[in-house]
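Chemist: Questions regarding the structure given below will be posed in turn.
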Amino acid sequence: MILREILQQMVDEGNTAKLTSGNGALEAATLLKTLSEPMLNRRAHLQPGLYIAELDDRGYLGRVLLRFSEKS
C-alpha cells in the first residue's frame, strides 16, 4: 500500500484524526492536497492510532513518516 491509499482510506472512513509531520498536525484530507507526489507514492504501513511508517524494498518498516497526534 502507498501513503496516498492510506490517507485516502482515512478520508473515506471520515477519520478526522490529526497526523503530525514536519509541518505540524494536519488531517489526512489536507495532507493529500499538500504532500508532494514522490512522498504520496512511498510504500507505507499504517499502525492505527500510532503512526504511518515507510516500508523498504524488503517490506521492513523504515522511518516514521507521520505520527497520530494526541487528542486535545
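Here, each number is a calculation from the coordinates, and none is a lab measurement. All of these numbers come straight from a predicted model, not from anything done at the bench. With ideal geometry, Cβ positions are generated from the backbone for all residues, glycine too; neighbour counts draw on all protein chains shown.
Chemist: Along the positive direction of the dipole of the stretch 3-68 (beta-carbon charges: Lys, Arg +1; Asp, Glu -1; about the Cα centre), which of 31, 45, 62 reaches farthest?
Modeler: Value: 62.
Chemist: Using Cα springs under 10 Å in a Gaussian network model of the chain, which residue among 46, 35, 55 shows the largest mean-square fluctuation?
Modeler: Of 46, 35, 55, the Gaussian network model singles out 35 as fluctuating most.
Chemist: Can I ask one more? With the contact rule set at Cα under 8 Å and sequence spacing of 6 or more, what percent relative contact order holds for the chain?
Modeler: 32
Chemist: Connecting C-alpha atoms closer than 10 Å in a GNM of the chain, tell me which of 59, 22, 14 has the biggest fluctuation.
Modeler: Maximum fluctuation in the GNM of the chain, among the listed residues, is at 22.
Chemist: If each residue's Cβ is checked for other Cβ atoms within 10 Å, how do 2, 52 rank with the fewest at the top?
Modeler: Placing the least packed residue first, the sequence is 2, 52.
Chemist: Going by alpha carbons, how many degrees (0 to 90, nearest 10) lie between the helix axis of 3-12 and the longest principal axis of the chain?
Modeler: Once rounded, one gets 30 degrees.
Chemist: Report the longest stretch of the chain that contains none of the GluC sites (Glu not before Pro) sitting in a DSSP loop with at most 13 other Cβ atoms within 10 Å.
Modeler: 14-69
Chemist: If we count every other residue with Cβ under 12 angstrom of residue 60's Cβ, Lys/Arg +1 and Asp/Glu -1, where does the sum land?
Modeler: Spelling it out: positives minus negatives among the neighbours equals 0.
Chemist: Give the span of the chain's Cα atoms along each principal axis, as three whole-Å numbers ordered largest to smallest.
Modeler: For the chain, the Cα spread along each principal axis is 36, 23, 22 Å.
Chemist: Let's test the formula: R0 of 25 Å, r as the Cβ-Cβ distance of residue 8 and residue 58. What FRET efficiency results, to the nearest 0.05?
Modeler: After rounding to 0.05, the efficiency reads 0.50.
Chemist: What are the chymotrypsin sites (Phe, Trp or Tyr not before Pro) within the chain that DSSP puts in a loop, where the Cβ has at most 12 other Cβ atoms within 10 Å?
Modeler: 60
Chemist: With +1 on each Lys and Arg Cβ and -1 on each Asp and Glu Cβ, how big is the dipole of the chain about its Cα centre, in debye rounded to the nearest 20?
Modeler: On the way: 9 positive and 9 negative charges, 34 e Å.
Once rounded to the nearest 20, the dipole reads 160 debye.
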